[in-house]
Amino acid sequence: MNYVALRMLFGDRAKYLMLLCGLTFAVMLIVQQGSIFWGLMMWSQSSISNINVPIWVTDPGIGQVDEVKPIADTAVDRVRSVPGVEWAVPLYKGVLRARLSNGDYHQITLTGLDAPTLIGRPAEVLEGRFEDILEPDAVVLDQWAVERMGGPSVIGIGTLFELNDKLARVVAIAKTQKSFTNIPVVYTTYERAIRYVPRERRTLSYVLAKAIDGLPVTEVTTRIHEQTGLGAFSAEEFGWKTISWVLKNTGIGINFGTTIVLGFIVGMAIAGQTFYLFTVENLKQFGALKAMGASTFTLARMILLQAFTVGLTGYGVGIGLATGFGFLSAKGGGLPFVETWQLLLLVLVALLGICTLSALISITKLARLEPAIVFR
Amino acid sequence: MSMDGSVEQGTSAQEQPSPSVAVQVRGLVKSFGAGDTTVTVLKGIDLDVHFGELLLLVGESGGGKTTLLSAIAGILDIDAGELEVLGASLTNMTAGTRTSFRGQRMGFVFQQFNLLPALTAAENVAIPLLIQGLSRTEAVSRGRLMLERMGLGDRTEFLPRNLSGGQQQRVAVARALVNDPQLLVCDEPTAALDGPNGQKIMELIRDVGRAPNRCVIVVTHDSRVFHFGDRMAELTDGRIVGIHPIHAEATA
């Protein structure tokens, strides 16, 4: 009877397509919006992923990575003295204005790395050598800085510009993940960074550290916190803390959440109603099958097969369309789009829920169906 | 409505059915609705149908013909009375057993054909076999053979929408007979057809459907096909008012 069920489903092409479109639309909407949402969340903690170190030591009251609360310069040595810390280095992070030779001003994020180790440098360099950052006045830009500051014709390797009236010379272009604010990132050494910025009592933004091999990171962060009173987080914890801050302090979560929920409700309504209509319009046929000896169980199995077939087809098409959209729009980092397996699994579960619910409504109708309907 | 003036009454409720009796109905009552709106459609029906017989159920609209047919076919619960069909008491069966019983031992021909529009003629005929669990290949193959017997060998792969009304009803008859049922139940099989096609369908039901080990019950109000029956039971206002043997020459 599976064959009969599928032929019934595909035979009514108009309804099948409407059902498929409803589910495809719902899946596409949920996956697309969910992936953009997650992409934005990844962007919001891109400073952490770009620096890529195991432990971040911060001001104890910090909310998120871009909300820098400077700590005392002595913090580096205090962290180094905590048992279980293999190394600890300073990091400067602050916002400055860059003045180009053509007179344009651009806001930039200045990142100062520990000069002897260059810990926290981007993993990939697109042009030049990152090590040249040790040369006088040298800075490294990320690729988004080149794009935001006028493009390769305006700024590139060898270009000179000013940071707080002090000279900076581009020696390399590094590849990084785009940030939430999309402010260009300029890398230099820690010592040079604090020369670029106006003098403040505290200049150290973060201490980057690593636990000795074999020691759990969480154990070391707990020790750092207990012994120094500073905030200490694993990179993953700090990333989640940042995402949590963004969700609490911006409308992003509610906006995307609303769209996703609406997608689910619209998809469920379209699929549920169309599938129910499909059953109701085929009621005489189901009645005939029941009269001819098909049990309610057999009919329920047919309905479930129909629902899951159209559901899984809609899932596949919807995922395909959303992925295609993501591939095109996120190409070159234009739009945040991160499609995770967890999201796909969640959508699959939601979709199977929609299909099961729709099928159950129809099955309830069929269970109450008197086969005598065929004689009326 | 008497064809020859004689009237044959149903057997008494206490009498055991003889081996030749396929369907025995005793004191059958069926009502619809509740409270003040209750309508009693069948008011104590007694009826015997024999193997090898084609019985016509006739009578005015609303007289209870289709309700009686539905009850005999086991697709409608009754309020009171006894129903013994093909040696089994339908009244004592659970709904599930009745469904299975119908699938194995009964065939149905509906007024509106009720063919599945997405299936070919052969696949439609194969449905009762698929319900019984036969493989699709075997069921469809037997469906094709049945259609050849019905003179539709060249239409086996046609969809219902590409068949005429008469051809569709022949497919429906083939479907009803494909699992070799002992009781063939037909509800107004000629109502949706013109005169000549109605005659052909009744010929088919009489020639192919009627067999020594099978009985056929046909609900009809089409007087042009009365001569195909062996007997005719007339229902008026929920009661059988007469059961008459039919002589073909009298109505042809």
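The values are calculated or read from the model by the stated rules, or taken from the named source; none is laboratory data. What you see is a predicted model; the values in this text were computed from it and never measured. Note: ideal-geometry Cβ built from the backbone for every residue, glycine included; neighbour counts use all protein chains shown. Each accessible area value is taken on the protein alone, full model and side chains, heavy atoms only, with ligands, DNA and RNA left out. Shrake-Rupley method; radii C 1.70, N 1.55, O 1.52, S 1.80 Å.
A 1.4 Å probe, protein heavy atoms only, puts the accessible area of B:His50 near 50 Å². Distant-in-sequence amide contacts of A:Leu110, defined by a placed amide H-H separation under 5 Å and a gap of 5 or more residues or a different chain, comprise A:Gly94, A:Val95, A:Leu96, A:Val186. On full extension, the segment bounded by A:Ile254 and A:Leu100 gains 51.5 nm, given 0.36 nm per residue less the C-alpha separation. With an 8 Å cut-off on Cα pairs and a minimum separation of 6 or more residues, tell me the relative contact order of region B:205-246 in percent. Worked out over region B:205-246, it gives 28 percent. Going by accessible surface with a 1.4 Å probe and the largest first, A:Ser81, A:Ser205 read A:Ser81, A:Ser205.
The C-alpha atoms of chain A define a longest principal axis, and helix A:217-228 lies at about 40 degrees to it. For region A:188-270, with all protein chains in place and a probe radius of 1.4 Å, 61% of the accessible heavy-atom surface sits on carbon or sulfur.
The modelled label-to-label distance between A:Gln227 and A:Leu312, using points 7 Å beyond Cα along the C-beta direction, is 5.6 nm.
Within the accessible area of chain B, what % is carbon and sulfur when the probe is 1.4 Å and the other protein chains stay in place?
Numbers: 4730 of 10040 Å².
C and S fraction of accessible area: 47 percent.
Cα centroid separation, region A:152-180 to region A:184-222: 21 Å.
Summarise the partner chain shielding of B:72-85 as one whole number: the mean count of Cβ atoms from other chains within 10 Å of each residue's Cβ.
Working: counts 0, 5, 3, 10, 5, 2, 0, 0, 0, 0, 0, 0, 0, 0.
Other-chain Cβ atoms within 10 Å of each residue's Cβ, averaged: 2.
Look at where the Cα atoms of region B:189-217 and of region A:287-323 average out, and the two centres are 36 Å apart.
Among the GluC sites (Glu not before Pro) in region A:161-210, those placed in a DSSP loop whose Cβ has at most 12 other Cβ atoms within 10 Å are A:Glu200.
In debye to the nearest 20, how big a dipole does the protein assembly as shown give about its Cα centre with +1 on each Lys and Arg Cβ and -1 on each Asp and Glu Cβ? Before the final figure, lay out each step's value.
On the way: 54 positive and 57 negative charges, 151 e Å.
Charge dipole of the protein assembly as shown: 720 debye, to the nearest 20.
The simple spin-label model puts a point 7 Å past each Cα toward its Cβ; for A:Arg368 and B:Val29 those points are separated by 2.7 nm.
Report summary: the helix-based calculation at 222 nm, which adds -39500 (n - 2.57) for every DSSP H run with n ≥ 4 and divides by the residues of chain A, gives -17000 deg cm²/dmol. The residue list B:Gly35, B:Ala80, B:Phe51 was ranked by how far each Cα lies along the charge dipole of chain B toward its positive end, using unit charges on Cβ atoms, and B:Phe51 comes out on top. Please report how far the C-alpha centroid of region B:68-124 lies from that of region A:74-129, rounded to the nearest whole angstrom. Distance between centres, Cα-based: 82 Å. Taking all C-alpha pairs of chain B, those more than 22 Å from each other amount to 54 percent.
Fully extended, how many nm does the chain gain between A:Trp87 and A:Arg202 (0.36 nm per residue separation, minus their Cα-Cα distance)?
Numbers: separation 115, 0.36 × 115 = 41.40 nm, distance 2.16 nm.
Taking 0.36 nm per residue and subtracting the Cα distance, the gain is 39.2 nm.
Between A:Asp213 and A:Arg129, the FRET efficiency estimated from the beta carbon spacing at R0 = 25 angstrom works out to 0.30.
Take the Cβ atoms of A:Val154 and A:Leu17, set R0 to 51 Å, and the FRET efficiency comes out at 0.50. Equivalent-ellipsoid semi-axes for region A:176-255 (Cα gyration tensor, √(5λ), whole Å, largest first): 24, 23, 14.
Per residue, what accessible area does the protein assembly as shown have, given a 1.4 Å probe and all protein chains present, in Å²? Working shown, then result.
On the way: 26610 Å² over 628 residues.
Result: 42 Å² of accessible area for each residue.
Label zone (B:Asp207, point 7 Å along Cα-to-C-beta; backbone nitrogen cut-off 17 Å) within region B:108-150: B:146-150.
Can you figure out the FRET efficiency of B:Ala191 with B:Ser135, using R₀ = 35 Å and their beta-carbon distance, to the nearest 0.05? Could the numbers behind the result be given before it?
Details: r = 35 Å, r/R0 = 1.00.
For R0 = 35 Å, the calculated efficiency reads 0.50.
Averaged over the residues of peptide B:108-120, the number of Cβ atoms from other protein chains lying within 10 Å of each residue's Cβ is 5. Converting phi to 3J(HN,Hα) with the Karplus coefficients 6.51, -1.76 and 1.60 and the offset θ = phi - 60°, region A:96-102 yields 9, 10, 9, 10, 7, 5, 7 Hz in sequence order, with x at every glycine or proline. Here the spin labels are modelled as points 7 Å beyond Cα on the Cα-Cβ line, and at A:Leu346 and A:Ile265 they lie 1.8 nm apart.
Computed over the alpha-carbon pairs of region B:114-235, the distance histogram in 5 Å steps reads 2, 12, 23, 22, 20, 12, 6, 2, 0 percent, short to long.
If you take the C-alpha gyration tensor of region A:72-229, multiply each eigenvalue by 5 and take the square root, what semi-axes do you get, largest first, in whole Å? If you can, show how the numbers build up before the last one.
Working: eigenvalues 195, 54, 34 Å².
Largest first, region A:72-229 gives 31, 16, 13 Å.
Measuring how big the protein assembly as shown is from its alpha-carbon positions, Rg and Dmax come out at 40.7, 126 Å.
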